[in-house]
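Okay, so here's the structure we're looking at.
The values are calculated or read from the model by the stated rules, or taken from the named source; none is laboratory data. A quick note: this is a predicted structure, and the numbers were derived from the prediction, not measured. Here Cβ is always computed from backbone atoms with ideal geometry, including for glycine, and neighbour counts include all displayed protein chains.
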């Protein structure tokens, strides 16, 4: 059904796009952060404008060449590389990085899809506003990919996913037409919600080229604490208590198991740990409060109330911006440590929030039947989102146990499914989980997804094999 | 392409659904709140379960009979009646009114589509939680219709539209399959966003049968004020100032032109007005604050700061729950007064927030060229959403001027379009604005919408003619 990129196709594209759009050094586009089989690359183009993106898609449609939309390359589910099948065209948004406009009074900013997240955050800050999307890869992740995968991160509890931060889109649809949907309106009930359909579709229904994004007032006062909690039940009770005491001011509420600091000690020992002996469970709480409220005092009140209820046994409240940054550095270095340790299988799951402790109690027993593992469980407790990653015991290499990956993933996802959870909370489906989505997904929804894909991309050229498996 | 309901079809349905599902008295299903040509009714069924809804849809698909999903009948854009074409089946959700479950610790409630909004609000309150969707028709509007039209209301500024309050859906798709999507997860990136596609599709892509809804903590302290503002520019400045002073605690920020109280005096004189002479512009501000903050004091501070900047000239802060209710009663009686006066044309529009004053200054001059009108402009300023309604001068009847409706609507919508606004902010498209959507909508989006409709509802039986016009 599809054709590989050929010399003739490359010639056609060269006749339609300026020379600057063609990338010579293409090796980096074949790799993903978690390794695995590299992607095939027929050609990498980086259009300089929406019209050039449209031109590219039209050429690919004429030639039936698969197109892989490419942002910062930070995706964790192999949505940005195509290791098998016909050799695709990689369409990188890296040259479309403009902040097209900032409307501070409206709390709106319009960014092109290639804008890097930290640059969008900085543009918001320059207008005395906050763009709250924040995650480990923010120094390289680009807005198009963040929206295409509906990225999450640490501030979802308060501000929502990427989806919730987007008011409007401009996108090139699979037929090469351009949807001019960059309205910066809070309310717009004019027909089907194409915006939310493209967000999270991982480039399979079109290429996002720009977005109107929501900004927020910068919280007047911020504060951060780490607290040692008795167990995940206590962490949940602490979250509820924090809601009572800090109201709507909780930016982030992160659960960290003892394996996180243990891995950090083993791999990145210069990361400062708040407690000398890694506690079995701790939480990181980040507050952003209105003017006139004192975060340190609020966190102190919270700690005292939690201590009285025997939820927490120890805690530290950041006394400076530097200490605050250290707490966060500890949290954000965990994925780096994980990578250095080398997981057999990593799972980005979500659960009904009240069932998280039960899941955490149950899962180790299920995995024990398969072998001996180290489990690093951490994540965004306030969103019901855990990163539940499984490693070999200390001293064993990832490679020596990688054959168990399939069984481990299946066991974890089966358990998640039985808890009415999700096998993809914030990373997306990509190619890594496309089969699992078929297994665990609702049949009526899967049929509707296939019908939508066939309707909007009848040639199937947009990121084939991501989200929905290739047809036989 | 479609068939009217026949006796044979009615027989088929009677053989598949229990007797209780058939409504004898069907006249009410033909009328809409704003009058106009009544709908045709072949048969009204009110299934008692999701499976009965699916059975109904399957029967309609077999017979190619159009189906009109029917909630509380409060829609303002004629989405719930079909005045022309084949005689449809009306599918009322009125017998599916259960609150299936409440998860207070997770801030989630699962309601059936027929649940009336006030009952959902009450169920949330019984769990010491808030379901913040609130609008004039909340005593009869049902959840399925509210989600189907992505309803707005007075608390969107803080809590979002109906869309933002829904975590999961159960729905019957046009082929009669049931999508079991009632997950109560905050993060779930498993494939295309079918939830947001059905929300706002106005029953044209399936029938919502139940929803998992987001709840919130009840604000500890509430307070309300009305303030006389110099003009819409001053109202916008006051909104920004309120953000600085009250932080994230602003529930609602409503703009009311002098025509509102004038209409109330003329039609519902027992509604208490806060100021004896209707001011040209006033705003109603509603706050919900965390524990320990005093809303009256905050509103006082806001008024003083605004007075110093010459934004406001007079103001009242509610001193009791009764006075608070009176302020709100004034706001919510305006649509009732409008109905008694009788509009030539009503417009539910949204605009980039910072351009609202300019729009309000410009529009009367445009309308002046068409005739002599009274304009009642009011709405949810914080969301950029105005209700811009046009009436004959005092003493003239609606009927004597109704012939101008098309020209007036066109003039207002043309102006909205030139301001990069939306011709439907919170009411939807229905049949009333289906042609205007074709006129003002983005061509690529319209083509995508048509492709999605054809893919999910190839027989075109679901609410034909709503959102997308019937094909020739």
Residues of region B:20-40 satisfying the condition of being without any contact (Cβ under 8 Å) to a residue 24 or more places away in the chain and crowded, with 17+ Cβ neighbours inside 10 Å: none
Selected residue [more than 9 Å from chain A (Cβ to nearest Cβ) and touching a residue at least 24 places away in the same chain (Cβ under 8 Å)] from B:139, B:152, B:145: B:145
Which one is modelled with the highest pLDDT, of the residues in region A:442-472 that are more than 10 Å from every other protein chain (Cβ to nearest Cβ) and surrounded by fewer than 19 Cβ atoms within 10 Å (Cβ to Cβ)? A:459
Residues in region A:180-196 that are over 17 Å from residue B:352 (Cβ atoms) and surrounded by fewer than 24 Cβ atoms within 10 Å (Cβ to Cβ) total 2
From B:403, B:411, which residue is at pLDDT 95 or above and either within 11 Å of chain A (Cβ to nearest Cβ) or within 24 Å of the chain's Cα centre (by Cα) (or both)? B:411
Checking residue B:374 against (1) exposed (fewer than 15 other Cβ atoms within 10 Å of the Cβ); (2) more than 9 Å from chain A (Cβ to nearest Cβ); (3) touching a helix residue (DSSP H, G or I) at 6+ places or on another chain (Cβ under 9 Å); (4) over 21 Å from residue A:456 (Cβ atoms), only one condition comes out false. Which one? (1)
Restricting to region A:415-441, give me the number of residues that are surrounded by fewer than 15 Cβ atoms within 10 Å (Cβ to Cβ) and either away from chain B (no Cβ under 14 Å) or on the phi > 0 side of the Ramachandran plot (or both). 1
Select from region A:110-122 the residues that are in contact (Cβ under 8 Å) with a residue 24 or more places away in the chain and under 22 Å from residue A:252 (Cβ atoms) and list them in ascending order. A:116, A:117, A:120
Take the residues in region B:220-240 that are assigned to a helix (DSSP H, G or I) and either in contact with a strand residue (DSSP E or B) (Cβ under 6 Å, 6 or more places away or on another chain) or at pLDDT 95 or above (or both), then tell me which one is nearest to residue B:133 (Cα to Cα). B:239
Some residue of region A:160-167 being farther than 26 Å from residue A:352 by Cβ, surrounded by 24 or more Cβ atoms within 10 Å (Cβ to Cβ) and not assigned by TED's automatic domain parsing to the domain that holds residue A:289: no
Which of the residues that make up region B:168-178 are more than 8 Å from every other protein chain (Cβ to nearest Cβ) and either in a strand (DSSP E or B) or buried (at least 22 other Cβ atoms within 10 Å of the Cβ) (or both)? B:168, B:169, B:170, B:171, B:172, B:174
Going by the structure shown, is residue A:17 modelled with pLDDT under 95 and within 24 Å of residue A:211 (Cα to Cα)? no
Note: among B:315, B:288, B:260, just one is within 23 Å of the chain's Cα centre (by Cα), buried (at least 16 other Cβ atoms within 10 Å of the Cβ), in a strand (DSSP E or B) and outside the structural domain of residue B:388 (by TED's automatic domain parsing), namely B:288
For region A:442-472, which residues satisfy the criterion of being without any contact (Cβ under 8 Å) to a residue 24 or more places away in the chain and within 14 Å of residue A:200 (Cβ to Cβ)? A:445, A:449
Filter result for the condition that a residue is free of Cβ contacts under 8 Å to residues at least 40 places away in the same chain and within 22 Å of residue A:297 (Cα to Cα), over A:243, A:249: A:243
Of all residues making up region B:196-219, the number that are assigned to a strand (DSSP E or B) and more than 9 Å from chain A (Cβ to nearest Cβ): 8
